[in-house]
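Novice: The structure that follows is given in the form of structure tokens.
We did not get these values from a lab; they are worked out from the coordinates using the rules stated. These figures come from a predicted structure and were not determined experimentally. FYI the Cβ positions are ideal-geometry reconstructions off the backbone, even for glycines, and counts take in every protein chain you see.
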Amino acid sequence: MEQAHWYFDLVSPFSYLHYHGLQPLRERLRIEPVPVLFAGMLKHWDTKGPAEILPKRLHTYQYCVWAASRQGLPFRMPPRHPFNPLAAQRLLVALGASDAVVASAFDFVFAEGRDPEHEFAALAERLGAADGAAMAASPEVRQRLVANTQRAIDQGVFGVPTLVFRERAFWGSDTVDWALEFLAQPDLFQRPEYEAAAKVEFGVTRR
């Protein structure tokens, strides 16, 4: 079975939706969840997250309500968003980011609508980490999260969630079918229409 890496941040409701939409791909890929810092990507690529643009923030939250209902998922936004996910992401790194741990953390945030920053102790308890604060503060764990984020950036990842395999990145909770098609048709990106799209020149650039 092929290896794939799934880059995510608990701050992203789209990551919650994508995580629960990956099942068709799990039949073909061994998917490793990799905690990263979305804020680090935004800084690197000099862009903004959806929650930083007021109309997009409202659109995002309400779209996620709709999309979760379509997937049959419980969904509730935490009382404040965006929150700072740093400690929670570090804790996931420390715990090995297994599927069981990641699923439980996402349920805490977006199924139950709880704040992992202000309720960090409760999240740690939920994940079975009695010494969660100490684990998240470990220098080794802190560095691993930085390294995860840099590795994603080096692979061209600019947002979360993103699934990477065969050196191709599939960003967003709506790209499962596209990834499935690539698995079925490995030459997909060599097709003339894809190559033509990759060669489009810049017209104007925003200063």
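Novice: Rounded to whole Å, give me the distance from the Cα center of segment 65-133 to that of segment 135-174.
Specialist: 17 Å
Novice: How would F189, F8, F165 line up from fewest to most surrounding beta-carbon atoms within 10 angstrom?
Specialist: F189, F165, F8
Novice: With a ≥ b ≥ c the root eigenvalues of the C-alpha gyration tensor of segment 9-65, is it rounded (a/c under 1.5), prolate (a/b larger than b/c) or oblate?
Specialist: It comes out oblate by the Cα gyration axes.
Novice: Moving on. Can you run phi through the Karplus equation (6.51, -1.76, 1.60; θ = phi - 60°) for segment 169-186 and list ³J(HN,Hα) in whole Hz, with x for Gly and Pro?
Specialist: Rounded to whole hertz, the list is 10, 10, 9, x, 6, 9, 10, 4, 5, 5, 5, 4, 5, 5, 4, 6, 10, x.
Novice: Here's another thing I want to ask about it. Excluding residues on the same chain fewer than 8 positions from K199, give the aspartates and glutamates whose Cα lies under 20 Å from its Cα.
Specialist: E167, D187
Novice: Please pull out the direction-averaged projected area of the chain, using the convex hull of its alpha-carbon atoms, in nm² to one decimal place.
Specialist: That works out to 12.8 nm², a quarter of the Cα hull's surface.
Novice: Quick one: Kirkwood hydrodynamic radius for segment 21-130, alpha-carbon pairs, angstrom, one decimal?
Specialist: With all distinct Cα pairs of segment 21-130 included, I get 15.3 Å.
Novice: Each label point is 7 Å from the Cα along the Cα-to-Cβ direction; what then is the distance between the points at F158 and E2, in nm?
Specialist: 2.3 nm
Novice: Have a look at V204, A129, L145 and report the one farthest towards the positive end of the charge dipole of the chain, computed about the Cα centre with Cβ charges (Lys/Arg +1, Asp/Glu -1).
Specialist: V204
Novice: Longest span of the chain, sites excluded, free of GluC sites (Glu not before Pro) in DSSP loop with at most 10 other C-beta atoms within 10 Å?
Specialist: By the stated rule (loop sites, at most 10 other Cβ atoms within 10 Å), 28-166.
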